Amino acid sequence: MGKFSELFKEADAAFDGAFKEELNDLNGLSKEEVDSVTPDTEDLRTYSVLNKVVEKASKENITKAQLVEDIKELGDVAVKIAKKVPSLASLF
């Protein structure tokens with residue numbers, strides 16, 4: 001792994017963390033599913049940030065309530081994308 005060791009450690013922490021199912025499900029959304037939320041490129045940008053928020057939440061083992069608040073802070077598009085993921089939709 002060499003120079004990427006830290007990146008692999010971070011990825012392992014995220015995918016083994018408290019929200020690993022949610023992160024896996026979020027990563028499984030198709031471009032079409034994400035695009036269905038809004039017709040412009042804003043949804044893909046928001047999807048990318050949402051993914052990072054869930055990844056960070058998983059690594060840091062934050063509470064479900066805090067994750068919901070963080071997603072809501074990203075705005076309506078992020079909430080709509082999150083609701084397309086059953087494991088995240090159940091948090092709202």
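Of Asn61, Ala78, Ser48, which is farthest on the positive side of the dipole of the chain, counting Cα position, with +1 on Lys and Arg Cβ, -1 on Asp and Glu Cβ, and the Cα centre as origin?
Asn61
Which percent of Cα pairs goes in each bin when the distances of the chain are cut into 5 angstrom slices starting at zero?
Here the calculated profile for the chain is 3, 15, 26, 24, 16, 10, 5, 2, 0.
Compute the label zone of Glu42 within segment 62-86: residues whose backbone N is under 11 Å from the point 7 Å along Cα-to-Cβ.
75-78
Please name which of Ser30, Phe8, Phe19 has its Cα lying farthest along the dipole of the chain towards the positive end, using unit charges on Cβ (Lys, Arg +1; Asp, Glu -1) and the Cα centre as origin.
Phe8
For the chain, modelled as a Gaussian network with Cα springs under 10 Å, which listed residue fluctuates most, Lys20, Lys56, Lys31?
Its mean-square fluctuation being the largest, the pick is Lys31.
Work out, step by step, the length gained on full extension between Lys20 and Asp70: first 0.36 nm times the residue separation, then minus their alpha carbon distance; give nm to one decimal. Numbers along the way, then the final one.
Numbers: separation 50, 0.36 × 50 = 18.00 nm, distance 1.67 nm.
Separation in residues times 0.36 nm, less the Cα-Cα distance, equals 16.3 nm.
I need the helices of the chain that pass two filters: whole DSSP H segments spanning 24 Å or more by Cα along the axis, and mean Kyte-Doolittle score no lower than -1.0. Mind dumping the intermediate values first?
On the way: long enough: 42-60 (27 Å, -0.81).
Flagged H segments are 42-60.
What lysines does Lys72 reach when the alpha-carbon gap must be under 29 Å and sequence neighbours fewer than 8 apart in one chain are set aside?
List returned: Lys9, Lys20, Lys31, Lys52, Lys56, Lys59, Lys64, Lys80, Lys83, Lys84.
Remind me, relative contact order of the chain in percent, using alpha carbon pairs under 8 angstrom and six or more residues apart? Walk me through the numbers on the way to the answer.
Numbers: 92 pairs, mean separation 31.8, N = 92.
Across the chain, relative contact order equals 35 percent.
Quick note: the coordinates plus some simple rules give every number you see, no bench work behind them. Bear in mind that the values here come from a model prediction, so they are computed numbers and not experimental data. Because the Cβ atoms are built from the backbone with ideal geometry, glycine has one as well, and the counts that use them run over all protein chains shown.
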